[in-house]
1. How much length is gained on full extension from residue 291 to residue 31, taking 0.36 nm per residue of separation minus their Cα-Cα distance?
2. Please turn the phi angles of the range 301-307 into ³J(HN,Hα) values with the Karplus equation 6.51 cos²θ - 1.76 cosθ + 1.60 (θ = phi - 60°), one per residue in order, whole Hz, x for glycine and proline.
3. Sorted by packing (mean other beta-carbon atoms within 10 Å per residue), highest first, where do 185-194, 199-208 land?
4. Can you order the peptides 358-370, 83-95 by their average number of other Cβ atoms within 10 Å per residue, highest first?
5. Averaged over every viewing direction, what's the projected area of the C-alpha convex hull for the range 126-255? Give it in nm², one decimal, please.
6. Does the range 58-133 come out rounded, prolate or oblate by the C-alpha gyration tensor, with a ≥ b ≥ c the root eigenvalues, rounded set by a/c under 1.5 and, if not, prolate when a/b is larger than b/c and oblate if not?
7. For labels at residue 343 and residue 201 in the simple 7 Å Cα→Cβ model, what's the distance in nm?
8. Can you tell me the FRET efficiency between residue 301 and residue 451 if r is taken as the Cβ-Cβ distance and R0 is 35 Å, rounded to the nearest 0.05?
Amino acid sequence: MKGILQTALYTLAAATVATAQLPVVPTDLKTITTPQGVNIRYKEPQICETTPGVKSYSGFIDVDDDNHLFFWFFESRRDPGNDPITLWLNGGPGGDSMNGVFEELGPCFLNEDLSTRLNPNSWNEVSNMLFLSQPAGVGFSYGSKTTDPLEQIVMGGMTEVLEGRFATADWAKTNSTESAAVTAWNAIQAFCAGLPQLAPDVRSSTFNLATESYGGHRGTGFINHFWKQNKLIANGTITGSELNIDSLIIINGLIDTRTQAASYPRFARNNTHGVEVNDSVADYMEFSLTMDVNGCHAMIDACEAYYAVDNGTTASGRLACSEASTACRRGSELPYVVYSGIEDVYDVRNKTEFPNPAPVTPTYLNQAKIQRALGVDTNYTTKDNLQVLAAFWATGDYINPKIMRQFEELLDDAPVRIALIYGDSDFICSWYGGENVSLTANYSGAEDFRKAGYVPLMVDGVRYGDTREYGNFSFTRVFDAGHMVPWWQPEASLAMFNRTLNGRDIATGNVKIRDGYGTVGQPESTYSQKLNRGGPSKKKRSAQNSVKFRSRLSG
């Protein structure tokens with residue numbers, strides 16, 4: 001989800017480069033053919049990660065004729081032989097994991113002059129990191145390639161025709177979390193099979209998945225699918241190699257729309273940053289959730305009724321879920337965006353004081369020297385593929401009621417540690433919504449988790465947030481962080497990641513997690529930051545009257 005609303009700006013920045021020339025077809029890729037017959041084409045880029053002795057590999061996993069997935073694998077800076085493997089996925093759907101490399105937790109950040117600087121808090125400090133661009137059509141991943149002119153949406157809703165060679169795909173083939181999970185499983189099976197040849201120094205088989213935003217869907221759906229595939233392999237139903245799944249980390253994730261949508265009026269009325277709207281607007285947001293006709297919850301009820309019968313496979317069922325998506329976002333999200341005066345739904349704080357990463361990732365990846373280094377031959381047009389987003393939206397995947405049930409299954413039965421991490425200045429996937437998911441999930445340890453209290457998240461003597469934890473499940477609110485928590489609080493993010501991987505408590509890292517362990521603290525996280533916002537964006541905004549307010553929504 002992160003970046004979809006900003007795609008126009010990033011695309012415009014990349015457009016001039018994309019029109020320059022066709023990328024050179026690489027001739028120096030090495031090829032590994034796995035026992036499954038899958039080719040992995042790769043090279044060593046020798047860019048971004050400049051730590052002496054630390055290797056990285058980029059290229060393509062040719063899963064099948066329709067899925068050639070781009071990957072970038074970074075060895076651990078600490079101990080590549082024994083440190084685990086972590087798959088990172090950005091959200092969207094359609095968000096490229098190169099966002100994670102350059103703007104969050106990868107080995108380097110980009111400067112505005114397109115140079116790079118080393119990230120001392122990169123997650124490959126403690127883990128081997130695999131960044132995968134998926135589904136096909138996202139980033140450099142492709143189903144096929146075309147040199148036909150590409151029409152892209154740019155600033156102000158205008159379009160611009162780009163010349164070059166572009167990655168494309170059949171969007172109808174991977175248009176749901178379920179279909180994406182199947183392709184991802186096949187890709188990871190191939191990658192793990194080829195890893196001894198690709199990176200012989202890496203010996204650990206421990207596997208983690210970390211993700212954010214729409215990754216609440218993807219992370220849950222993927223790990224649930226991987227876990228069930230493991231069981232089928234174990235009982236001889238299918239062939240393959242079991243994944244040694246250790247943990248799932250979700251950052252500001254969308255897991256369940258019904259549960260999380262209820263947080264929008266609360267955030268609009270009284271968030272800890274003081275960026276609020278008048279009660280009349282918040283009241284309407286609450287009303288839009290519960291009204292009998294076309295209300296968010298009523299529309300989700302209709303979607304779930306279809307799922308109970310057709311499991312989300314019929315056109316009528318998908319339409320009902322897609323319409324529910326629109327109703328929920330239009331009624332419960334949009335009013336705050338319109339009337340709060342915020343500049344960024346992913347971080348409600350003033351962007352002059354709290355700037356996002358430099359928006360130069362597409363421009364950087366469109367440089368001929370970078371494309372040669374990575375072994376790619378297509379132009380990079382956008383960090384967030386709107387066609388993928390539209391395909392998932394059309395199937396109603398945004399509402400998909402199975403995701404919450406799969407999340408509860410993992411909590412109940414899977415031997416997987418789950419860490420929810422939410423920055424508290426994000427509106428679109430707010431910490432209130434994430435907290436709602438953690439407290440309403442129905443599983444065997446739910447009551448014990450709810451009884452556990454919040455304790456301070458401490459890193460090097462600094463309090464970065466509050467954590468509630470019981471057993472293998474934790475929820476953490478991170479102070480003063482937007483949607484991309486690793487960008488805003490890099491030290492705390494790396495510490496939480498390391499503690500999750502090593503079976504330590506999230507709050508301090510001093511306690512080895514065991515059955516029955518739980519935090520003992522306050523029932524609520526009450527820390528509050530109230531920003532003084534000047535200029536045209538007032539601290540509180542209100543509709544002048546209900547007629548004008550509703551006309552803005554319908555327009």
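We did not get these values from a lab; they are worked out from the coordinates using the rules stated. All values derive from a computational prediction rather than experimental measurement. So basically every Cβ, Gly included, is an ideal-geometry build from the backbone, and we count neighbours across all protein chains shown.
1. Numbers: separation 260, 0.36 × 260 = 93.60 nm, distance 5.75 nm.
Stretched fully, the residue 291-residue 31 segment lengthens by 87.9 nm.
2. Listing the rounded values in order: 4, 5, 4, 5, 5, 5, 4 Hz.
3. Numbers: 185-194: 21.2, 199-208: 17.2.
Descending mean neighbour count gives 185-194, 199-208.
4. Numbers: 358-370: 19.2, 83-95: 27.1.
Output ranking for 358-370, 83-95: 83-95, 358-370.
5. 10.8 nm²
6. Values: a/c = 2.04, a/b = 1.20, b/c = 1.70.
It is oblate, given that a/c is not under 1.5 and a/b is not larger than b/c.
7. 4.2 nm
8. Numbers: r = 31 Å, r/R0 = 0.88.
In this case the efficiency is close to 0.70.
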